[in-house]
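Here, each number is a calculation from the coordinates, and none is a lab measurement. What you are looking at is a predicted structure, and each value in this text was computed from that prediction instead of being measured. Note that each Cβ is placed from the backbone with ideal geometry, even for glycine, and that neighbours are counted across all protein chains shown.
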Amino acid sequence: MGRTLQNTMINLGLQNACDEAVYQLGLDMEELEEIEEDAGLGNGGLGRLAACFLDSMATLGLAAYGYGIRYEYGIFNQKIRDGWQVEEADDWLRHGNPWEKARPEYMLPVHFYGRVEHAATGVKWVDTQVVLALPYDTPVPGYMNNTVNTMRLWSARAPNDFNLQDFNVGDYIQAVLDRNLAENISRVLYPNDNFFEGKELRLKQEYFVVAATLQDIIRRFKASKFGSTDSVRTVFDSFADQFSCHGRTVRGCWHPPGAASTLAAQRRLSPRQAWDITKQTFAYTNHTVLPEALERWPVDLVEKLLPRHLQIIYEINQRHLDHIASLFPNDVDRLRRMSLIEEGGIKRINMAHLCIVGSHAVNGVAKIHSEIVKTQVFEDFAALEPEKFQNKTNGITPRRWLLLCNPGLAELIAEKIGEDYVRDLSQLTKLHDFVDDDLFIREVAKVKQENKVKFALYLEKEYKVKINPSSMFDVHVKRIHEYKRQLMNCLHIITMYNRIRRDPAKPFVPRTVIIGGKAAPGYHMAKMIIKLINAVAQVVNNDPVVGSKLKVIFLENYRVSLAEKVIPATDLSEQISTAGTEASGTGNMKFMLNGALTIGTMDGANVEMAEEAGEENLFIFGMRVEDVTELDREGYNAQEYYNQLPELKQAIDQIKSGFFSLKEPDLFKDVVNMLFHHDRFKVFADYEAYVKCQEKVSELYLNSKEWTKMVIRNIAAAGKFSSDRTIKEYARDIWHVEPSDLKIPPPNEPRDATEDKTPNGTAA
């Protein structure tokens with residue numbers, strides 16, 4: 001979620017008034033804003049996407065709740081010590097959180113462990129351990145529409161009799177200390193991005209948020225006019241008409257069995273009826289095609305922690321496989337591929353399969369990704385129910401990612417096309433009329449230069465490196481992962497360095513290369529990549545031959561509040577994942593909206609950005625998905641590229657020989673070994689095209705006017721990438737609710753009784 005203060009002032013239309021009031025108190029608003037901690041309660045782009053969606057849902061007047069866990073410790077703070085990433089706990093609640101309100105009156109029990117009893121009255125889950133879910137509510141204001149939605153985050157609390165039931169044990173002190181075991185559930189965020197770690201505590205977290213949320217939804221439903229009837233069957237008939245639940249991540253996969261269990265527990269609902277309601281209510285978004293990211297929980301662990309749910313999953317699987325067998329008799333291999341349970345070795349539950357079977361809609365997050373989901377990852381399921389699979393291209397909120405972080409550019413745009421674009425970003429196309437307007441070109445360039453000067457001062461203060469603000473700011477910020485290919489960027493830096501050293505007199509377009517992002521603490525290769533970048537930076541930044549032509553900075557502790565500083569100052573945005581690996585990306589959209597040009601592969605939303613702006617207005621290079629597939633078929637041989645490309649060979653030899661690690665010459669042997677022998681993401685295969693494309697970038701940068709015209713064409717084409725558009729599509733195609741542009745009267749104005757109705761009956 002990042003920081004809340006400035007975003008709240010903007011959405012409430014109070015920023016100028018607050019600035020003035022604070023100024024009159026002799027304080028500086030910017031200093032005040034810098035004191036607020038980031039709320040870092042998710043990983044990478046996926047965590048941020050949820051936050052953008054909450055902003056859009058409130059702005060569109062949807063009756064929507066965002067549910068999650070109130071982690072005591074969020075995503076770790078990253079320190080760089082001697083070039084290595086070191087993790088520190090993110091104690092973001094140390095000074096309290098003024099935006100949240102605890103709601104103990106809505107506390108709910110969540111059950112774990114125990115056993116299943118089959119009695120004449122039905123199936124019962126007994127002898128469970130209970131953990132209480134205490135909700136904390138944070139307001140989510142819409143933009144200038146007096147709508148305030150709620151983000152409800154659950155905190156784990158031990159019941160007062162926790163471990164004290166066995167009074168004869170007598171160890172009262174130990175029993176109280178053991179309360180921590182229950183409360184550990186909401187202690188810390190698992191910091192993995194695009195990687196599944198099958199730990200018991202993680203499974204507890206997933207089920208905890210789902211079980212509490214479902215009970216909360218059903219409580220709210222029963223308290224509504226739709227739920228106030230004696231017959232349970234009649235009551236729940238309208239449930240799916242009134243509620244739509246969307247699993248934003250694979251942890252949402254626990255919603256279907258959880259809902260089936262919770263609904264069936266309403267006694268008079270048969271398992272079949274509960275399952276039908278579940279399917280009509282739930283939808284699922286897939287966010288990754290990387291096999292290591294898909295959740296596959298060991299059956300033994302689920303049986304221990306959630307024995308009743310395992311039974312329900314087996315029942316769901318039986319019905320599912322019976323259905324498949326009736327359509328494809330004797331196709332045993334298809335049954336194996338489509339089963340919710342993976343046999344062989346350790347039995348596992350394939351959570352993505354469970355999600356698909358338990359939802360009425362499944363979507364990917366960019367056109368190319370949704371195609372891959374349908375034709376490769378879940379091919380069998382899409383063949384069976386093609387109408388279930390959709391695309392919903394991701395978006396970003398223009399409130400935070402333009403108004404808040406780049407007020408100079410936002411104001412300039414408003415002067416040209418009015419202020420309505422903030423609510424309807426498609427209006428940015430009107431900027432096409434000003435592509436040849438010399439004054440506008442100069443003003444856009446001036447805003448960018450001011451943002452660069454401001455960020456250069458920040459970098460000099462934080463990193464003690466002198467930055468040339470007229471150099472090209474070449475920025476690569478995102479989670480550190482092999483598929484995102486920060487290594488390829490690093491090889492380009494080394495190549496530029498070698499070219500300067502080879503011929504110092506040759507003209508060179510000055511660059512400041514900025515790379516930032518966190519590596520999951522257990523991801524060895526990602527941590528080695530950070531060390532390598534810092535080692536290269538150390539050599540480059542201290543070579544007198546290079547001087548101010550090339551500087552390399554690794555941005556420490558990349559997070560939302562730092563993104564708000566670096567993105568408006570960026571000239572070149574690096575989006576260089578191997579084609580077919582980045583589901584969408586959203587940083588790419590933020591840079592586009594803020595006047596950076598993109599160097600990228602035809603991957604994720606880059607494809608649609610090129611479609612919107614024209615491929616000639618992005619720097620597109622490298623293999624397409626088909627080329628990657630073809631190369632896989634032939635067999636990728638890294639050695640061939642190394643032998644054929646002298647500059648690549650030189651860079652790799654330098655890394656290998658210890659040129660960047662004199663005290664420890666074989667420090668990077670693991671990285672080099674990976675690049676030659678098991679590089680799934682084919683860095684060498686795209687290296688040559690990448691370097692040539694970068695030469696084109698430098699050439700255009702020399703022509704400031706043509707560069708800025710291309711920037712304006714990109715901004716004018718960024719309208720599609722508003723999360724408002726994304727949410728409208730979800731609302732209409734999946735949740736079946738209508739967005740509303742009605743502005744609710746402010747609380748100080750009396751509301752007409754006839755208007756005191758929600759525009760939508762349904763809560764999302």
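Let me spell out the model: positive unit charges on the Cβ of Lys and Arg, negative unit charges on the Cβ of Asp and Glu, origin at the Cα centre of region 40-391. What dipole size does that give, in debye rounded to 20?
On the way: 39 positive and 41 negative charges, 147 e Å.
Using Cβ point charges on Lys, Arg, Asp and Glu, region 40-391 gives about 700 debye.
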Revision key, fill the gap. Between the alpha carbon centres of region 27-91 and region 631-648 the gap in Å comes to 41 Å
Review point. Whole-Hz Karplus ³J(HN,Hα) for region 361-369, in order, using 6.51 cos²θ - 1.76 cosθ + 1.60 and θ = phi - 60°, x for Gly and Pro?
Key: 8, 10, 9, x, 10, 7, 3, 5, 5
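Tell me, what is the percent relative contact order of the chain, built from C-alpha pairs under 8 Å that lie six or more residues apart?
Values: 1310 pairs, mean separation 115.8, N = 764.
Relative contact order here is 15 percent.
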Review point. If you bin every alpha carbon distance in region 289-334 into 10 Å steps from zero, what whole percent lands in each bin?
Key: 23, 32, 39, 6
Check your understanding: What per residue convex hull volume, in Å³, comes out for region 416-473 when only alpha-carbon positions are used?
Key -> 114 Å³
Point to revise | Principal axis box of region 450-717, alpha-carbon based, largest edge first, Å | key: 44, 43, 40
Review point. So which GluC sites (Glu not before Pro) in region 340-372 end up in coil per DSSP with only 13 or fewer other C-beta atoms within 10 Å?
Key: Glu343
**Study point:** Amide H within-cut-off set for Gln390, under 5 Å, with H built and near neighbours excluded
**Key:** Val362, Asn363, Gly364
Check your understanding: Considering region 376-442, what Rg and Dmax in Å follow from its alpha-carbon atoms?
Key -> 19.0, 57
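For every helix of n ≥ 4 consecutive DSSP H residues, a contribution of -39,500 (n - 2.57) applies; sum these over the chain, divide by its total residues, and give [θ] at 222 nm rounded to the nearest 500 deg cm²/dmol.
On the way: 31 runs with 332 residues, N = 764.
One gets -13000 deg cm²/dmol as the mean residue ellipticity at 222 nm.
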Review point. Which of the aspartates and glutamates could be linked to Lys506 by a straight reach, that is with a Cα gap under 15 Å, when you skip same-chain ones fewer than 8 residues away?
Key: Glu695, Glu699
Review point. Applying the Karplus parametrisation 6.51 cos²θ - 1.76 cosθ + 1.60 with θ = phi - 60° to the phi angles of region 374-381, what ³J(HN,Hα) value in whole Hz is obtained for each residue in order, glycine and proline being reported as x?
Key: 6, 9, 10, 5, 10, 3, 5, 5
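Quick one: of the DSSP bridges fully inside the chain, what percent are antiparallel, nearest 5?
On the way: 33 of 70 bridges.
Rounded to the nearest five, the antiparallel share is 45 percent.
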Revision key, fill the gap. Filtered hits (lysines, Cα-Cα < 28 Å from Lys669, offset >= 8 within chain) -> Lys79, Lys478, Lys484, Lys518, Lys527, Lys531, Lys551, Lys649, Lys656, Lys682, Lys692
Revision key, fill the gap. Whole-Hz Karplus couplings 3J(HN,Hα) for region 582-599, θ = phi - 60° and coefficients 6.51, -1.76, 1.60, Gly and Pro as x, run 8, 4, 9, x, 10, x, 3, 6, 4, 5, 4, 5, 9, x, 9, 8, 10, 9
Practice item. Give the Debye-formula value of log10 I(q)/I(0) at each listed q (0.10, 0.14, 0.18 Å⁻¹), with one equal scatterer per alpha carbon of region 320-470, two decimals each. Key: -0.66, -0.81, -1.07
Practice item. Enter the angle in degrees (range 0 to 90, nearest 10) between the Cα long axis of helix 407-417 and the first principal axis of the Cα atoms of the chain, meaning the one along which they spread out most. Key: 90 degrees
Check your understanding: Expressed as an acute angle from 0 to 90° and rounded to the nearest 10, what is the orientation of the C-alpha long axis of helix 486-502 relative to the principal long axis of the chain?
Key -> 10 degrees
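Sum up the charges of everything whose Cβ sits under 14 Å from the Cβ of Pro739, counting Lys and Arg as +1 and Asp and Glu as -1, but leave Pro739 out.
Taking every other residue near Pro739 into account, the sum is -2.
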Check your understanding: Tilt of helix 438-463 relative to the longest C-alpha principal axis of the chain, in degrees (0 to 90, nearest 10)?
Key -> 80 degrees
Practice item. Scan around Gly585 for amide H atoms under 5 Å from its own, H built in the peptide plane at 1.01 Å from N, and keep only partners 5 or more places away or cross-chain. Key: Ala605
**Study point:** Computed P(r) (all Cα pairs; the chain; 10 Å bins; percent)
**Key:** 2, 13, 23, 25, 20, 12, 5, 1, 0
Review point. Taking Cα centroids, how far is region 707-753 from region 292-320 in Å?
Key: 39 Å
Revision key, fill the gap. Met488 neighbourhood, Cβ < 12 Å, K/R = +1, D/E = -1, net charge -2
Check your understanding: Whose amide H sits under 5 Å from the amide H of Trp297, counting only residues 5 or more places off or on another chain, with H placed in the peptide plane?
Key -> Ile349, Met351
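Please give the net charge around Val475, taking every other residue with its beta carbon less than 14 angstrom from that of Val475, where Lys and Arg add +1 and Asp and Glu add -1.
On the way: positive: Lys448, Lys452, Lys478, Lys484, Arg511, Lys551, Lys565, Lys590; negative: Asp474, Glu564, Asp571, Glu574.
The answer is +4.
Determine the percent antiparallel among the DSSP beta bridges restricted to region 40-391, to the nearest 5. Intermediate results must be reported in sequence, preceding the final value.
Working: 32 of 47 bridges.
Restricted to region 40-391, the bridges split so that about 70 percent are antiparallel.
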